[in-house]
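One structure is given here, and the rest of the page talks about it.
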Amino acid sequence: MADGTRLAIAEMIRGGTTCFNDMYFFPDVTARVASAAGMWAVVGLILIDFPSAWAGDADEYLHRGIRVHDDFRGNTLITTAFAPHAPYSVSDAPLERVRTLADELEIPIHMHVHETAHEVTEAEQRDGRRPLRRLGELGLLSSSLTAVHMTQLTEDEIGALAESGASVVHCPESNLKLASGFCPVTRLLAAGVNVALSTDGAASNNDLDMFSEMRTAGQGTLRRPRQRPRRHRPAHGHPERRPRVSLPRERFWDIPVPKIDSPTRQPLLPRPSCAHHDSVPHIAAKLLVRNSVMMTTMTLRRVGCAICMPYVTPYRS
């Protein structure tokens, strides 16, 4: 687990990613490795109805998850989120406990929702409700919810998401690989829903390349010029309404500096679409990568960058 997490972090850093949201077993290991690497991480406190090597039942999942939360409460790099896997894999009683605990601890909820048509159809056949409606009735549809995938949505559901303040995470390459469908990003943005972009796990995608993810989202989801939003949004969503992540409020930035002098990135157009994984030779403000080489020790102090800061303009809607 630790070795896999180190490899994932190395791949993400080489691609310019310096903060990630995770959902998997053994969140304590993920948190320790990410902290040692100097990486920001939102570690998911996994919850699922069936036993695993991490926990045997809902009580143990929640107990061990809260212990991880407490162990990293003072860590400036690591925050936590409750991570019930999906509506079809977590029953009502544990979800109600998650809602109560998330409110008490003031941490967000990270969940796979409406990933496939089968998931939605099966839920309707079981009790006549679509999964998002069930989550709403359980009190989970709120600004604390980060709903991942969301490929199957009606107009009423998009309206409910906008009203609740929930965030949606679009994983285009994972959904393509698994033939799950596509998240209706344009309709969500038009309704005022905060939409972020992600890779999903490597097992569902084959890589953790955010440059590739941005390119796929642009070519697939927003495939006609009239569908494009008024302005390009950052991959992490609107800065004022991105999925809840408790990061330090000091004015520190991690700024990936893409390589633009190689043949694959020429000619350099006003809006280049040819950047890809391993095209970030430097990460300004936190030199985890220098000249495309991973530093021997990945733990370095985060500082403001006087050179880059004047050129950083936060997105304004």
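Among the residues of segment 68-79, are any within 18 Å of PRO27 (Cα to Cα), out of contact with any Pro (no Cβ under 8 Å at 6 or more places or on another chain), of a type in the set (Asp, Glu) and modelled with pLDDT of 95 or more? Yes; the residues of segment 68-79 include at least one that is within 18 Å of PRO27 (Cα to Cα), out of contact with any Pro (no Cβ under 8 Å at 6 or more places or on another chain), of a type in the set (Asp, Glu) and modelled with pLDDT of 95 or more.
Conditions (1) in contact with a His (Cβ under 7 Å, 6 or more places away or on another chain); (2) touching a residue at least 60 places away in the same chain (Cβ under 8 Å); (3) surrounded by 15 or more Cβ atoms within 10 Å (Cβ to Cβ), marked per residue:
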{"residue": "LEU135", "(1), (2), (3)": "no, no, yes"}
{"residue": "SER143", "(1), (2), (3)": "no, yes, no"}
{"residue": "ALA166", "(1), (2), (3)": "no, no, yes"}
{"residue": "LEU178", "(1), (2), (3)": "no, yes, yes"}
{"residue": "GLY181", "(1), (2), (3)": "no, yes, yes"}
{"residue": "VAL193", "(1), (2), (3)": "no, no, yes"}
{"residue": "ALA196", "(1), (2), (3)": "yes, no, yes"}
{"residue": "THR199", "(1), (2), (3)": "no, no, yes"}
{"residue": "THR216", "(1), (2), (3)": "no, no, yes"}
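The single condition among (1) modelled with pLDDT of 95 or more; (2) more than 27 Å from THR199 (Cβ to Cβ); (3) out of contact with any Asp or Glu (no Cβ under 9 Å at 6 or more places or on another chain) that ASP127 does not satisfy is (1).
Table: residues versus (1) without any contact (Cβ under 8 Å) to a residue 60 or more places away in the chain; (2) surrounded by fewer than 16 Cβ atoms within 10 Å (Cβ to Cβ); (3) part of a helix (DSSP H, G or I).
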{"residue": "GLY4", "(1), (2), (3)": "yes, yes, yes"}
{"residue": "MET12", "(1), (2), (3)": "no, no, yes"}
{"residue": "ASP28", "(1), (2), (3)": "yes, no, yes"}
{"residue": "ALA34", "(1), (2), (3)": "yes, no, yes"}
{"residue": "PHE50", "(1), (2), (3)": "yes, yes, no"}
{"residue": "LEU62", "(1), (2), (3)": "yes, no, yes"}
{"residue": "GLY65", "(1), (2), (3)": "yes, no, yes"}
{"residue": "THR80", "(1), (2), (3)": "yes, no, no"}
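Is it true that ALA55 is more than 15 Å from ILE107 (Cβ to Cβ), touching a helix residue (DSSP H, G or I) at 6+ places or on another chain (Cβ under 6 Å) and not in a helix (DSSP H, G or I)? When the stated conditions are applied, ALA55 passes them. If the condition is being closer than 19 Å to ARG99 by Cβ and of a type in the set (Gly, Ala, Ser), then segment 56-89 contributes ALA58, GLY65, ALA81, ALA83, ALA86, SER89.
The values are calculated or read from the model by the stated rules, or taken from the named source; none is laboratory data. Fair warning: this is a prediction, and the values are worked out from it, not measured in the lab. Reconstructed Cβ throughout: ideal geometry from the backbone, glycine too, with neighbour counts over all protein chains shown.
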